[in-house]
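Report on the following structure.
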Amino acid sequence: MDSTISLILSRHGETEENKLHIMQGQMPGHLSELGKQQAEQLAALLEKEEIDVIVSSDLARSYDTAMAVARRKGLEPVQTPLLREMDWGIYTGKVANEMDFKNLPESVESVEALYKRAGEFLQFLQTEFPGKRILAIGHGGFNRAIIVQIEKRQQEDILKLPIMRNTACLRFSI
């Protein structure tokens with residue numbers, strides 16, 4: 001049996017916190033009206049796509065986005081904390097322009113930790129869903145770590161990638 005995974009990697013819809021430039025990190029987040037529309041648009045975009053499994057972060061903004069797709073597919077999203085956004089530590093809930101990104105405090109999840117967790121997430125997919133067609137709905141920051149792991153790039157490249165737009169989709173074979 002072919003154990004190759006087809007992965008569609010996406011990001012949650014816009015949140016009220018995104019609009020205010022708040023660093024949500026591992027806060028649940030609340031989809032804005034636009035975010036709810038984006039989730040429904042993602043569901044419509046993927047309507048004819050064959051998807052075996054929907055995996056989402058266990059944070060509300062990703063799960064709520066996943067549910068929009070899941071309702072049309074008759075699937076129940078599998079939630080995992082492995083897919084959570086980067087932990088912003090003491091910066092969680094702060095406005096982005098109040099932060100010093102060059103000197104992050106120790107409470108902020110490191111690039112090394114993100115890279116390691118992204119590898120654990122991909123291992124989770126390979127162990128639990130070999131050969132499946134998977135939609136994974138995560139977060140702008142953490143999705144970069146997943147991409148770097150899939151592409152076997154250096155962990156420092158996580159910070160060089162752009163943040164995915166809300167409900168954008170990237171496709172990979174793993």
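The values are calculated or read from the model by the stated rules, or taken from the named source; none is laboratory data. These numbers were taken from a predicted model, which means no experiment stands behind them. Every residue, glycine as well, gets a Cβ built from its backbone with ideal geometry; the counts of neighbours run over all protein chains shown. Just so you know, the surface numbers come from the protein's heavy atoms only, side chains and all, with ligands and any DNA or RNA stripped out. Shrake-Rupley method; radii C 1.70, N 1.55, O 1.52, S 1.80 Å.
Would you calculate, for the chain, the mean residue ellipticity at 222 nm contributed by helices, counting each DSSP H stretch of 4 or more residues as -39,500 (n - 2.57) and dividing by all residues, to the nearest 500?
The helix-only estimate for the chain comes to -10500 deg cm²/dmol at 222 nm.
Region 55-130: which GluC sites (Glu not before Pro) are DSSP loop and have at most 10 other beta-carbon atoms within 10 angstrom?
Loop-located and lightly packed - Glu106.
For Leu34 and Arg171, compute 0.36 nm times the residue count separating them, minus their Cα-Cα distance, and round to one decimal in nm.
Full extension of this stretch gives 46.9 nm more.
Only sites in a loop by DSSP and with at most 13 other Cβ atoms within 10 Å count here; which chymotrypsin sites (Phe, Trp or Tyr not before Pro) in region 89-170 make the cut?
Answer by residue number: Phe101.
What percentage of the solvent-accessible surface of region 6-173, computed with a 1.4 Å probe over protein heavy atoms, is contributed by carbon and sulfur atoms?
50
In region 109-174, what trypsin sites (Lys or Arg not before Pro) fall in a loop by DSSP, with at most 14 other Cβ atoms inside 10 Å?
When the trypsin sites (Lys or Arg not before Pro) of region 109-174 are filtered for loop state and at most 14 Cβ neighbours within 10 Å, Lys152, Arg153, Arg165 remain.
Read phi for every residue in region 130-135 and hand back ³J(HN,Hα) as whole Hz from Karplus 6.51 cos²θ - 1.76 cosθ + 1.60, θ = phi - 60°, with x for Gly and Pro.
x, x, 8, 9, 10, 9
With the crude spin-label approximation of a point 7 Å out along Cα→Cβ, what separation in nm comes out for Leu161 versus Glu50?
Between Leu161 and Glu50, the label points sit 2.6 nm apart.
Given a 1.4 Å probe, how much area per residue of region 6-173 is accessible, in Å²?
50
Lysine pairs, Cα distance under 30 Å, 8 or more residues apart or cross-chain: how many in region 1-157?
The number of close lysine pairs in region 1-157 is 19.
What does the net charge come to around Val108 if you take all other residues with beta carbon closer than 13 Å to its beta carbon, with K and R at +1 and D and E at -1?
Taking every Cβ under 13 Å from that of Val108, the sum is -4.
Averaged over all directions, how much area does the convex hull of the C-alpha atoms of region 53-174 cover when projected, in nm²?
Mean shadow area of the hull around the Cα atoms is 7.8 nm².
Expected output is a single nm value to one decimal: the length gained when fully extending between Ala60 and Leu20, i.e. 0.36 nm times separation in residues minus the C-alpha distance. What is it?
Here the segment from Ala60 to Leu20 would lengthen by 12.6 nm.
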